[in-house]
1. With (1) surrounded by fewer than 24 Cβ atoms within 10 Å (Cβ to Cβ); (2) more than 30 Å from Asp321 (Cα to Cα); (3) at pLDDT 95 or above as the list, and Gly243 as the residue in question, which single condition is left unmet?
2. Under 8 Å by Cβ, and 6 or more places apart or on different chains, what pairs join a residue from the range 367-389 that is within 15 Å of Leu136 (Cα to Cα) with one that is of a type in the set (Gly, Ala, Ser) and surrounded by fewer than 17 Cβ atoms within 10 Å (Cβ to Cβ)?
3. Out of Ala52, Ala56, Ala47, I need the residue that is within 17 Å of Gly229 (Cα to Cα), assigned to a loop (DSSP other than H, G, I, E, B) and at pLDDT 95 or above. Which one?
4. If a residue has to be part of a helix (DSSP H, G or I) and basic (Lys, Arg) to count, how many in the range 416-435 make the cut?
5. Within the range 379-412, take every residue that is surrounded by 22 or more Cβ atoms within 10 Å (Cβ to Cβ) and in a helix (DSSP H, G or I) and give me the one that is farthest from the chain's Cα centre (by Cα).
6. Return the only residue of Val273, Val290 being among the aliphatic types (A, V, I, L, M), farther than 12 Å from His68 by Cβ and either in contact (Cβ under 8 Å) with a residue 24 or more places away in the chain or in contact with a helix residue (DSSP H, G or I) (Cβ under 7 Å, 6 or more places away or on another chain) (or both).
7. List every residue pair whose Cβ atoms sit under 7 Å apart, with the two residues 6 or more apart in sequence or on different chains, where the first one lies in the range 427-449 and is over 16 Å from Gly369 (Cβ atoms) and in the same structural domain as Gly34 (by TED's automatic domain parsing) and the second, anywhere, is in a strand (DSSP E or B) and of a type in the set (S, T, N, Q).
8. Among the candidates Gly393, Gly401, which residue alone is more than 24 Å from Ala234 (Cα to Cα) and either out of contact with any Lys or Arg (no Cβ under 6 Å at 6 or more places or on another chain) or without any contact (Cβ under 8 Å) to a residue 60 or more places away in the chain (or both)?
Amino acid sequence: MSVTFASPALTTVIPPAVPGTAGDDLRVPLVTGGEIGYANLDHAASAPCLSAVRRAVDEFLPWYASVHRGAGFASQVSTKVYERARRAVGAFVGARSSDTVILTRNTTDALNLLARAVPKGTAVVLFDTEHHAALLPWRGRHVYRVPAPRTRHEAVRALAETLGRCPEGPRLVVVTGASNVTGEVLPIAELARVAHAAGARIAVDAAQLAPHRAVSLRELDADYVALSGHKLYAPFGAGALVGRADWLRAAEPYLSGGGASKLVARHDDGLGVVWNTGPERHEAGSPNTVGAHALGVACTEVASGRERIEAHEADLLARLDRGLASVPGLRVLRLFDDDGDRVGTVSFVIDGLSPGLLAAVLSAEYGIGVRDGAFCAHIATRRLITAAGGEGGQAVRVSIGLGTTREHVGRLVTALREITGRGPRWTYAENEGRWAPSPDPRPLPGFLA
């Protein structure tokens, strides 16, 4: 069975080819029979693996060994691979010579590490619209919340006012670079100027920004940046925290164990430990060398293709905007009333249609993967749905990236028009809050048999 879908008409120049991914040729079954090429419109959750990353990992795996202290040749190769990845990540985010690059599991891990490292008594300033990775690690600290702004200019002004209410002492502003709900990009450079004028540092959650826009600590004058490999086409369990070294050097190690310790000796009153002062201070245990290598390769590939990637995504986002505007009862969620830069993430609700059911229908009948729910940003999502005139606390999110094509966008728009016009073609049931086809005849891939 072959299924085709029309793409919304839009006159644009065809953007140049972008780096390929391991999922470009993936085909999935439909409940109505046959199969279709998978339309991955869920890049904001986890992006597919770059083909270049897959090749690099396959090439490295025979050489995989311990790092930093092994005398064997494979161990020496692995050490060079790991440290080269650290340099690649630093270059990708425009790290200054005095900055440190700590390899972590993901953005959440990186921001939790930073939360453990800030000096005692630090005032932490947050927008209410943050992702949980930026919002939750600071519980129990002196947190000052910035009211949700309606414009980017208001965001800058509101931050200045909130910083003015903070007590004397160390201060840290934590802000998401691009909303994982709406794709809107925040004015990081302006926020950094306001923060520094008030004697504060600023940390940027760049998980959603770095795959789509250049992020430079040097050019933005930011103090810290955190990112995830699985958002950046390197889904092998690595991320990074990059930024000023002093707080990180002075803090207790994030984890206690081998690698973090420089010297351990027995004393009459217990164990004496001298901790390392470099990035390894917070990288105890055997590191994820394969993940670090994948992340470093992804950073290099994305940086080298940045112009092509932005052109590709701008073309698709314009088509997506035009198509969604034609769907009856569809309400797009927006943080800001003013126009500004956006990455390719759009969330919406449709009058009278459950987001969970809609996502299930798109998957089962059209081979389209989207996200439904509150996107680990519950406060922001609920507020944005209410502001858009919708109800409830859940929405549907569409997010584009390197694995997205014009046909995928056209298929989504056609599907939304059909579903809102005549409803699903299959039967669905809700079980513990999740919708699924009932029955579901789709066979699982062979490796799961």
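The values are calculated or read from the model by the stated rules, or taken from the named source; none is laboratory data. This one's a predicted model, so the numbers in the text were calculated from it and none came from an experiment. Glycine gets a Cβ as well: all are built from the backbone with ideal geometry, and neighbour counts include every protein chain shown.
1. The single condition Gly243 does not satisfy is (1).
2. His378/Gly393
3. Within the list Ala52, Ala56, Ala47, the selection yields Ala47.
4. Number satisfying all stated conditions: 2.
5. So the residue we want is Arg411.
6. Val290
7. Listed pairs, sorted by first residue: none to list.
8. Gly393
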